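Visitor: First the structure, which I've put down as structure tokens, then a few questions once you've had a look.
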Amino acid sequence: MGSKNLAGISLIIMAAGFVACLFLPENTWTFILVGGFEAGLVGGLADWFAVTALFRHPLGIPIPHTSLLLKNKERIVSSLVSAMENELLNKDSITRQLRKLNLVRGAASMLTRTMARKRTRQQVLDYTAELIAKLPLEKAIEPVREAAANYVRGADAAGLADRALTKVLNDGYEVQLFDYALGEAKKWVERPETKDTMGVLALEQLSSAKVGGFTGFAFQAFAGMVNEDKLGTMIQTMLRAGIDSLLDPYGEQRLAILREVRVKLFEAAGDEEKLEYVRGQVLEVLYEESTTAFIRENLERLREFALAKTAEERGRGGRLVFRLYAAVVRGLAAEPGRVEGWEEQVRGAVVQLAENNHYRIGKLVRDNVDRMDDNQLVEMLEEKIGQDIQWIRVNGAVCGFVVGIVLSLIRLI
């Protein structure tokens with residue numbers, strides 16, 4: 001049986017009992033029962049009237065001192081707001097409870113449980129890939145160029161040159177470059193077309209040479225005995241022999257050239273004017289259109305590489321994501337002081353936010369009540385405390401019945 005109908009049923013029982021007793025023979029028991037049912041009916045009706053008067057006019061009749069809730073709505077709301085702000089949810093109690101919270105550690109624990117799920121890690125990688133794909137690389141070109149230009153402008157040219165020279169000499173890059181140049185020269189010399197070209201050029205020079213006297217006679221005699229092929233072969237042989245001598249690690253000419261190269265490198269590393277010239281040339285190159293295309297192309301390659309790696313990691317279940325997260329957590333665990341500092345900052349921010357917005361609690365209550373019309377407010381209250389209200393009415397009828405019997409017994413005595 002629903003409690004909403006219980007009060008009405010109790011009144012019906014009292015009324016039915018009272019009417020039934022009127023038709024019973026008059027005797028002591030009938031007298032007692034009539035007194036009980038009569039008092040129960042009066043008590044139930046009185047409580048019904050009293051409870052109804054809290055919410056509305058009984059039977060719709062504007063009886064004085066009824067519909068108390070609606071008549072005193074503003075005062076009740078103000079009292080409720082005051083109780084919420086100053087007693088139930090006052091600033092001190094809220095602040096006290098907030099300062100007990102471990103927000104950072106709680107968030108970290110929750111995040112750890114979340115990151116332990118494969119689906120979550122894959123979602124993180126999906127969001128990351130989506131973000132990478134949407135990055136406006138065109139807007140990144142100028143920042144990259146400016147960053148490089150600022151680095152070049154602010155760089156210690158002499159220091160960079162000195163470190164670069166030290167690296168070159170320690171790793172023997174000048175020797176490797178020298179051997180590479182000699183190797184390429186030897187390949188060029190050994191080509192058949194090179195021999196033919198050198199033979200033609202040498203013969204042209206011999207034929208056009210202007211040398212007088214006995215030397216000129218000997219020179220012309222030599223030119224008459226050779227042809228393009230012989231001259232080309234002779235020059236090719238001499239050049240090959242010269243290059244081979246330079247490739248000898250202990251050859252005097254090779255060592256002399258390398259010493260001269262090193263001297264020139266040291267001179268260049270200490271020449272401020274040349275270094276500034278190089279700096280200016282680098283800056284000019286940075287602002288060329290070809291550099292813009294180069295930056296754009298490499299940014300696109302970097303994006304493609306990042307997307308490929310993200311997709312590859314997603315296929316593995318995002319284990320790398322969890323390892324990175326675990327490494328961060330372990331690093332933070334090793335610095336409890338820093339974590340506690342964050343806790344204090346977060347708690348302080350939350351407490352400050354609560355204090356600054358504490359007035360909104362009462363405002364929220366008032367706004368919600370003001371949005372409800374009278375009927376809605378009454379229905380809400382009756383729904384929340386309806387069961388207790390119905391039991392008040394039932395208790396009124398039952399207590400009235402018991403009191404009526406007691407009074408009837410007293411009258412008999």
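Visitor: Among what's in region 230-281 and is at pLDDT 85 or above and within 47 Å of the chain's Cα centre (by Cα), pick the residue that is farthest from Val189 (Cα to Cα).
Guide: Across region 230-281, the extreme among qualifying residues is Gly280.
Visitor: Quick check: anything in region 303-310 assigned to a helix (DSSP H, G or I), at pLDDT 90 or above, β-branched (Val, Ile, Thr) and within 22 Å of the chain's Cα centre (by Cα)?
Guide: Let us first name the residues in region 303-310 that are assigned to a helix (DSSP H, G or I), namely 303-310.
Filter once more, keeping what is at pLDDT 90 or above: 303-310.
Now drop any that are not β-branched (Val, Ile, Thr), which leaves 310.
If we keep only those that are within 22 Å of the chain's Cα centre (by Cα) as well, we get 310.
Checked against the condition, which is being assigned to a helix (DSSP H, G or I), at pLDDT 90 or above, β-branched (Val, Ile, Thr) and within 22 Å of the chain's Cα centre (by Cα), region 303-310 yields at least one hit.
Visitor: Tell me, please, whether a residue that is within 30 Å of Val350 (Cα to Cα) and hydroxyl-bearing (Ser, Thr, Tyr) can be found in region 161-171.
Guide: Within region 161-171, the subset within 30 Å of Val350 (Cα to Cα) is none.
No; the residues of region 161-171 include none that is within 30 Å of Val350 (Cα to Cα) and hydroxyl-bearing (Ser, Thr, Tyr).
Visitor: Identify, from the list Val351, Val278, the residue that is more than 21 Å from Ala107 (Cα to Cα), surrounded by 13 or more Cβ atoms within 10 Å (Cβ to Cβ) and touching a residue at least 60 places away in the same chain (Cβ under 8 Å). Steps first, answer last, please.
Guide: Numbers: Val351 fails: more than 21 Å from Ala107 (Cα to Cα).
Exactly one residue qualifies, and that residue is Val278.
Visitor: Could I ask something else about it? Determine if region 282-301 includes at least one residue that is charged (D, E, K, R) and within 20 Å of the chain's Cα centre (by Cα). Before the answer, list the steps.
Guide: Residues of region 282-301 that are charged (D, E, K, R), as a first pass: 284, 288-289, 296-297, 300-301.
From what's left, within 20 Å of the chain's Cα centre (by Cα): none.
So far as region 282-301 goes, no, none of its residues is charged (D, E, K, R) and within 20 Å of the chain's Cα centre (by Cα).
Visitor: Quick one: in region 131-154, of everything that is surrounded by 13 or more Cβ atoms within 10 Å (Cβ to Cβ) and small (Gly, Ala, Ser), which residue is nearest to Gly280 (Cα to Cα)?
Guide: Ala149
Visitor: A further question follows. Within the set of pairs 6+ apart or on separate chains, which have a first residue in region 145-166 that is more than 12 Å from Ala268 (Cα to Cα), a second that is not in a helix (DSSP H, G or I), and C-beta atoms under 8 Å apart?
Guide: From residues that are more than 12 Å from Ala268 (Cα to Cα), the pairs are Arg145/Tyr287; Ala149/Tyr287.
Visitor: Out of the residues in region 167-184 that are of a type in the set (Gly, Ala, Ser) and within 28 Å of Asp271 (Cβ to Cβ), state the one that is farthest from the chain's Cα centre (by Cα).
Guide: Ala181
The values are calculated or read from the model by the stated rules, or taken from the named source; none is laboratory data. Since the model is a prediction, treat every value here as computed from it, not as a measurement. Counting neighbours? That spans all protein chains shown, and the Cβs are built from the backbone with ideal geometry, glycine included.
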